[in-house]
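Below: the structure, in C-alpha coordinates.
The values are calculated or read from the model by the stated rules, or taken from the named source; none is laboratory data. Here the structure is a predicted model, which is why all the values come from computation and not from measurement. Please note: Cβ atoms are built from the backbone with ideal geometry, for glycine as well, and neighbour counts cover all protein chains shown. Only protein heavy atoms, including side chains, enter the accessible area calculation; ligands, DNA and RNA are left aside. Shrake-Rupley method; radii C 1.70, N 1.55, O 1.52, S 1.80 Å.
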Amino acid sequence: MKKCVFCGGHVEKAIVTFTYKDDDKYLIVEHVPAEVCAKCGEKMYSPDITDELLKFAKNKFKPVKTIKVPVFDFAVHQ
Ligand SMILES: [Zn+2]
(Lines give C-alpha, C1' and ligand atoms only; values in the text may rest on other atoms or scores of the structure.)
Protein backbone atom coordinates (compact mmCIF):
# COMPACT_ATOMS: atom_id res chain seq x y z
CA MET A 1 0.00 0.00 0.00
CA LYS A 2 1.30 3.41 -0.96
CA LYS A 3 1.85 6.05 1.72
CA CYS A 4 1.89 9.84 1.51
CA VAL A 5 5.48 11.14 1.41
CA PHE A 6 4.46 14.15 3.52
CA CYS A 7 2.37 12.74 6.36
CA GLY A 8 2.40 8.97 5.90
CA GLY A 9 -1.35 8.90 5.31
CA HIS A 10 -3.19 6.47 3.06
CA VAL A 11 -2.97 7.37 -0.63
CA GLU A 12 -5.84 6.67 -3.02
CA LYS A 13 -6.18 6.90 -6.78
CA ALA A 14 -8.42 9.77 -7.86
CA ILE A 15 -9.27 12.01 -10.77
CA VAL A 16 -8.35 15.57 -9.86
CA THR A 17 -8.22 19.08 -11.26
CA PHE A 18 -4.66 20.30 -11.64
CA THR A 19 -4.07 24.03 -11.21
CA TYR A 20 -0.89 25.78 -12.20
CA LYS A 21 0.35 29.33 -11.65
CA ASP A 22 3.39 30.98 -13.14
CA ASP A 23 3.47 34.73 -12.41
CA ASP A 24 0.24 36.02 -13.94
CA LYS A 25 -0.33 32.93 -16.04
CA TYR A 26 -2.81 30.41 -14.72
CA LEU A 27 -4.02 27.16 -16.15
CA ILE A 28 -6.38 24.43 -15.11
CA VAL A 29 -6.29 20.85 -16.34
CA GLU A 30 -9.37 18.80 -15.54
CA HIS A 31 -9.70 15.03 -15.14
CA VAL A 32 -6.06 14.31 -14.31
CA PRO A 33 -5.34 10.85 -12.89
CA ALA A 34 -3.50 11.29 -9.60
CA GLU A 35 -3.02 9.81 -6.18
CA VAL A 36 -4.44 11.81 -3.30
CA CYS A 37 -3.60 11.52 0.39
CA ALA A 38 -6.74 10.83 2.42
CA LYS A 39 -5.20 12.58 5.44
CA CYS A 40 -3.58 15.81 4.20
CA GLY A 41 -5.06 16.03 0.70
CA GLU A 42 -1.68 16.24 -1.04
CA LYS A 43 -1.94 15.35 -4.72
CA MET A 44 0.77 13.21 -6.27
CA TYR A 45 1.30 12.59 -9.96
CA SER A 46 3.24 9.81 -11.61
CA PRO A 47 6.31 10.82 -13.70
CA ASP A 48 4.34 10.15 -16.92
CA ILE A 49 1.49 12.39 -15.82
CA THR A 50 3.92 15.10 -14.69
CA ASP A 51 5.48 15.09 -18.17
CA GLU A 52 2.04 15.50 -19.72
CA LEU A 53 1.14 18.33 -17.32
CA LEU A 54 4.32 20.18 -18.28
CA LYS A 55 3.15 20.11 -21.91
CA PHE A 56 -0.03 21.92 -20.87
CA ALA A 57 2.06 24.48 -18.98
CA LYS A 58 4.13 25.10 -22.13
CA ASN A 59 0.98 25.75 -24.20
CA LYS A 60 1.41 22.62 -26.29
CA PHE A 61 -2.32 21.96 -26.36
CA LYS A 62 -5.40 24.02 -27.14
CA PRO A 63 -7.70 24.64 -24.16
CA VAL A 64 -11.19 23.09 -24.34
CA LYS A 65 -12.63 26.25 -22.81
CA THR A 66 -11.61 29.53 -21.19
CA ILE A 67 -13.20 30.71 -17.96
CA LYS A 68 -13.27 34.09 -16.24
CA VAL A 69 -11.91 33.98 -12.70
CA PRO A 70 -12.81 36.69 -10.18
CA VAL A 71 -9.80 38.09 -8.33
CA PHE A 72 -10.14 39.47 -4.79
CA ASP A 73 -7.71 41.30 -2.57
CA PHE A 74 -7.93 40.26 1.07
CA ALA A 75 -6.05 43.39 2.21
CA VAL A 76 -8.73 45.68 0.74
CA HIS A 77 -11.25 44.44 3.32
CA GLN A 78 -9.13 44.73 6.46
ZN1 LIG B 1 -0.54 13.18 3.42
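Partner lysines whose Cα lies under 26 Å from the Cα of K2, excluding those fewer than 8 positions away in the same chain, are identified as K13, K39, K43. Taking the Cα centre of the chain as reference, the dipole from Cβ charges on Lys and Arg (+1) and Asp and Glu (-1) amounts to some 180 debye.
In the context of the full set of protein chains, the chain has a per residue accessible area of 87 Å² (1.4 Å probe).
Spin-label model, C40/T19: points 7 Å from Cα along the beta carbon direction are separated by 1.9 nm. In this simple spin-label model, placing a label point 7 Å from the Cα along the Cα-to-Cβ direction at both V64 and H77 gives a separation of 3.1 nm. Using only Cα atoms, find the angle between the long axis of helix 47-57 and the longest principal axis of the chain, and express it within 0 to 90 degrees, rounded to the nearest 10. Roughly 0 degrees, rounded to the nearest 10. Overall, the accessible surface of the chain at a probe of 1.4 angstrom is composed of carbon and sulfur to the extent of 57 percent.
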